[in-house]
Amino acid sequence: MGVVENIVRAVGPRAVVLTDPAAQAGMRSDQSGIVGPLPLCTVRPGDAEDVRLVVSVCRDDGVPIVARGGGTGLEGGCVPVLDCVVIDTSSLDAILRISPEDRLATVGAGVTAERLNSLVAEHGLFFPVAPAGAAESATMGGMVSTNARGMHAVKYGSAGDNLLAATVVMADGTLARFGHDVFHSSSGLRMAALLAGAEGILGVITEVTVRLHPLPEARKSILLEFDNLEDAADVCALIAAYVPDAAAIEIVSAPTISVLLSAFPDAGFPPAGESLVMIELHGGPESIGCAADTVLDIAADHDGRPFVPPRGTDPWADRHRFTRAISAMSCEGRPCRFDAAVPLTRLTEYIRCLEQAAASVPGRPTTCIFGHAGAGIVHVLLPIGDKPGLWGTAAAAAFRLASTKTALSLGGTASGEHGIGLSSIGPCAAENAGSIHWMRAVRLALDPQEIMNPGKVLL
């Protein structure tokens, strides 16, 4: 009897087991555009016990497992590389506990950030991690697995920073809970922290307990325009260092604005040729008033000017349209992308290196630079195609590799928030040369058969 039949017999009617190729077609890829082989089957479990049974069968049969959340990843982290069984954890969408007094929630791995926030808002709370443009489909388990961040990372940190505990099905088919229902604990190893960024190689997350934050008493948005991106980067780093109420600090290059305005003429951004910094302050009415004055003073010292968007537009909503506009320019909708991060003290230097390198490429193809600059995260998207102004595939890949190496040379990291997946394994290995042996040792200790999402994070 094959693995599919064994799974069907083990889980019975509680879980949905998909075997039809058409029904499973979407399981071969994520938002990266990378396409892997068709799974042997896809299981949508009803609960953690179903996951445990599936993993046990796969362990006995030596069949690889890929856990998948909302499929919003950008690096191929949930794309199969071998014949495997996919566990679609989006079906694990139970709200298990919301404790306003303790400021925490325990939810199934398939609950989306948007749904969680809709439920906890009535208690004056929110979960601050929400990837731009994907909050409605990004799942809690998936966000932990990639250690996702989003625009509010400046003040609130990553998914891993807000993870208190997780229930996981380990590679041997046992169910374990790591972590605690308290913010502070010195009781044992921080096993839950290992799951943040592990992309499913250590086990299948079935539920998480996360920290909630009070909704800010007051919010204020400030938009600043600049004649050049280096001044904008200077201001981002200074605001992050000296304005504690800054929750989001976004940088947007002039070419990125031009692409967006070309695709969406009604977007609320400055005219072509200007760069933009977007700041959102969270705090009390008095504190954000003082913070706003500080922001404007810093900006004035670096030739930044307040920008008032056209009536009826919302630049923060338009911020979610960047990837869509750049992807639409690209062959098959797949731009080359990377999301290195650098220390704030090196942010301007890194921006300068990126702009200089892009200017030296023959034809000066469009190079879109934006991101969560207040957290040191810089997104670069290169539209691919054979038309003037677009990047060739080989040139884009070379630029990506060289720019990532530059970030590492400045004390940065290959991925600030998107994860490693299939796209950044090489840079990750170089970045972690001194510790990758020990990372592999942890993986092998927890998954000696290497059946959990093989080919990812650590080869």
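Taking first residues from segment 264-289 that are more than 20 Å from ALA300 (Cα to Cα) and partners that are of a type in the set (Val, Ile, Thr), the Cβ contacts under 7 Å between residues at least 6 apart in sequence or on separate chains come to ASP266/THR313; ALA267/THR313; GLY268/THR313; ALA272/ILE257.
Among the residues making up segment 100-122, a single one is of a type in the set (Ser, Thr, Tyr) and touching a residue at least 60 places away in the same chain (Cβ under 8 Å): THR106.
The rows are residues; the columns are (1) in contact with a strand residue (DSSP E or B) (Cβ under 7 Å, 6 or more places away or on another chain); (2) touching a residue at least 24 places away in the same chain (Cβ under 8 Å).
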| residue | (1), (2) |
| --- | --- |
| THR404 | yes, yes |
| GLY416 | yes, yes |
| ILE420 | no, yes |
| GLY434 | no, no |
| ILE451 | yes, yes |
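For segment 304-326, filtered to residues that are buried (at least 19 other Cβ atoms within 10 Å of the Cβ) and under 14 Å from ILE257 (Cα atoms), the residue that is farthest from the chain's Cα centre (by Cα) is PRO315. Only a single item in (1) surrounded by fewer than 20 Cβ atoms within 10 Å (Cβ to Cβ); (2) modelled with pLDDT under 95; (3) of a type outside the set (D, E, K, R) is not met by THR19, and it is number (2). Of all residues in segment 248-261, one or more are more than 22 Å from PRO383 (Cα to Cα) and assigned by TED's automatic domain parsing to the domain that holds ALA299.
When each of ARG364, ARG400 is tested for being of a type in the set (Lys, Arg), in the same structural domain as ARG334 (by TED's automatic domain parsing), modelled with pLDDT of 90 or more and under 22 Å from the mean Cα position of the chain (by Cα), the lone residue that passes is ARG400. Give me the pairs: first residue in segment 372-400 and buried (at least 17 other Cβ atoms within 10 Å of the Cβ), second residue of a type in the set (Asp, Glu) and outside any loop (DSSP other than H, G, I, E, B), beta-carbon distance under 6 Å, and six or more apart or on different chains, which are they? Partner pairs satisfying both residue conditions: HIS379/ASP339. State yes or no: is GLU75 among the charged types (D, E, K, R) and buried (at least 24 other Cβ atoms within 10 Å of the Cβ)? For GLU75, the condition - among the charged types (D, E, K, R) and buried (at least 24 other Cβ atoms within 10 Å of the Cβ) - is met.
Of the strands (runs of 3 or more DSSP E) entirely within segment 161-273, those holding at least 1 residues that are within 30 Å of ARG346 (Cα to Cα) and touching a helix residue (DSSP H, G or I) at 6+ places or on another chain (Cβ under 7 Å) occupy 163-169, 218-226, 246-252.
Restricting the first member to segment 300-328 and to residues that are at negative phi, and the second to residues that are among the β-branched types (Val, Ile, Thr), the beta-carbon pairs closer than 6 Å and six or more apart or on different chains are HIS302/VAL235; GLY304/VAL235; ALA325/VAL259; ILE326/VAL259. Would you say GLU207 is more than 18 Å from LEU96 (Cβ to Cβ), at pLDDT 95 or above and not aliphatic (A, V, I, L, M)? No; evaluated as a whole, the condition is false for this residue. Put simply, of GLU207, GLU199 the only residue that is under 28 Å from ILE425 (Cβ atoms), of a type in the set (D, E, K, R) and crowded, with 22+ Cβ neighbours inside 10 Å is GLU199. Screening ASN162 against (1) farther than 14 Å from THR106 by Cα; (2) touching a Pro at 6+ places or on another chain (Cβ under 8 Å) leaves a single unmet condition, (1).
When segment 22-45 is filtered for residues that are in contact with a Ser or Thr (Cβ under 9 Å, 6 or more places away or on another chain), surrounded by fewer than 17 Cβ atoms within 10 Å (Cβ to Cβ) and farther than 15 Å from GLY77 by Cα, only ALA23 remains.
Are any residues in segment 218-236 of a type in the set (Gly, Ala, Ser) and surrounded by 23 or more Cβ atoms within 10 Å (Cβ to Cβ), and if so, which ones? Once the filter is applied, which keeps residues that are of a type in the set (Gly, Ala, Ser) and surrounded by 23 or more Cβ atoms within 10 Å (Cβ to Cβ), segment 218-236 yields ALA232, ALA233. Within the bounds of segment 111-131, is there any residue that is touching a Lys or Arg at 6+ places or on another chain (Cβ under 9 Å), modelled with pLDDT under 95 and within 19 Å of SER32 (Cβ to Cβ)? There is at least one residue in segment 111-131 that is touching a Lys or Arg at 6+ places or on another chain (Cβ under 9 Å), modelled with pLDDT under 95 and within 19 Å of SER32 (Cβ to Cβ).
For segment 274-281, the criterion of a residue being over 24 Å from PRO128 (Cβ atoms) and either in the same structural domain as GLY150 (by TED's automatic domain parsing) or among the polar types (S, T, N, Q) (or both) is satisfied by at least one position. Would you confirm whether or not segment 381-403 contains a residue that is closer than 21 Å to ALA240 by Cβ and out of contact with any Cys (no Cβ under 7 Å at 6 or more places or on another chain)? Looking through segment 381-403, none of the residues is closer than 21 Å to ALA240 by Cβ and out of contact with any Cys (no Cβ under 7 Å at 6 or more places or on another chain).
Of the residues making up segment 340-360, those that are within 18 Å of ALA254 (Cα to Cα) and touching a strand residue (DSSP E or B) at 6+ places or on another chain (Cβ under 8 Å) number 3. Is it true that PRO45 is out of contact with any Phe, Trp or Tyr (no Cβ under 8 Å at 6 or more places or on another chain) and within 17 Å of MET170 (Cβ to Cβ)? Criteria met by PRO45.
Among the residues examined, ASP47 does not qualify as closer than 21 Å to SER137 by Cα and at pLDDT below 95. Of all residues in segment 268-303, those being aliphatic (A, V, I, L, M) and under 10 Å from GLU225 (Cα atoms) number 4.
The values are calculated or read from the model by the stated rules, or taken from the named source; none is laboratory data. Every value quoted in this text rests on a predicted model; they were computed, and no experiment measured them. Note that each Cβ is placed from the backbone with ideal geometry, even for glycine, and that neighbours are counted across all protein chains shown.
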